[in-house]
Structures are given as structure tokens and as C-alpha cells.
1. Over all alpha-carbon pairs of the stretch 27-75, lay out the pair-distance distribution in 5 Å bins, whole %, shortest bin first.
2. Mind listing the phi-derived Karplus ³J(HN,Hα) values for the stretch 52-69, rounded to whole Hz, using 6.51, -1.76 and 1.60 with θ = phi - 60°, and x for any glycine or proline?
3. Give the long-range amide H neighbours of VAL85: residues separated by 5 or more places, or on another chain, with amide H under 5 Å away, using H modelled in the peptide plane at 1.01 Å from N.
4. At 7 Å along the Cα-to-beta-carbon direction for both ALA52 and MET21, put a label point, then send me their distance in nm to one decimal.
5. Normalised by the number of residues in the stretch 6-95, what is the relative contact order in percent for Cα pairs under 8 Å and 6+ residues apart?
6. Rank by packing, highest mean first: peptides 58-70, 38-50, 22-34, with packing defined as the count of other Cβ atoms within 10 Å averaged across residues.
7. Please state the shape class of the stretch 6-95: rounded when a/c is under 1.5, otherwise prolate if a/b exceeds b/c and oblate if not, all from the C-alpha gyration tensor.
8. Spin-label point model (7 Å from Cα, Cβ direction): what's the VAL13 to THR70 distance in nm?
Amino acid sequence: MQYATLGNTGLFVSRIALGAMTLAERHGASVAQIAIAWVLAQPGVTSAIVGARRPAQLIDNLGSLDVTLTPADLADLDAVSAPPVAYPAWLQAEVAPGRLPQQPANS
């Protein structure tokens, strides 16, 4: 179980970055392209705001339009970016799991 503490924020971000780097290598794309493609693949998202400071960054960001993430890619990124369970939920799950309401399987 993942525990949410301020001390492991860097580890959480590193896990997301590593997942994006793995997909970037697989797709022959930059991490920024993978991140933007991931944002654009989210339900309800119709555009992404990019913060390019140099023309080269803008050109790289626009390359995200050529990246097609598979459902497996999206699932991988969703898994590594799932927020950790915060206190007191993680404690309740360990101490008295039967007292927590059950979540539907497809939530």
C-alpha cells in the first residue's frame, strides 16, 4: 500500500517521470511529448496549455500531436500517477478493512 507523506513526494514524482521516460523510449518521443499526449488523451480534455520558452521547445511540444498512446500506455501512466492513499484512509484500510465502504470494480 502507498502511504501519502510529504517526505515521499519526490519519489512519487520520480515514479511518474520514469514511466514517461519508458514510454518516450518506446515511442521514439520526448518525455514532454508523452506528457502532452497523455493529457490530451484524458476524457474531457480538448486542449493542452504548454509553457514553451524557446522555439525548439514549442516544436518539440507540437510533436506530441504525432504520438498515439495505446490503451496499455495510458493504463501504465495512470497506474504510476495514481495518488497515494492519504491518511486516515490507509490506516483504516490496514486496521479495519471491513469497516470501509466497498468501491465498485470499475470506478
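1. 4, 22, 32, 24, 12, 4, 1
2. 3J(HN,Hα) across the stretch 52-69, in whole Hz: 5, 9, 10, x, 4, 5, 5, 4, 4, 4, 5, x, 5, 5, 8, 8, 10, 8.
3. For VAL85, the qualifying residues are GLN2, ALA4.
4. Rounded to a tenth, the inter-label distance reads 2.5 nm.
5. 32
6. 22-34, 58-70, 38-50
7. Verdict is prolate for the stretch 6-95.
8. 3.1
Read the figures in this text as sums done on the coordinates, not as results from a lab. Everything numeric in this text was worked out from a predicted model, so none of it was measured. For neighbour counting, all protein chains shown are included, and Cβ atoms are generated from backbone atoms with ideal geometry for every residue, glycine included.
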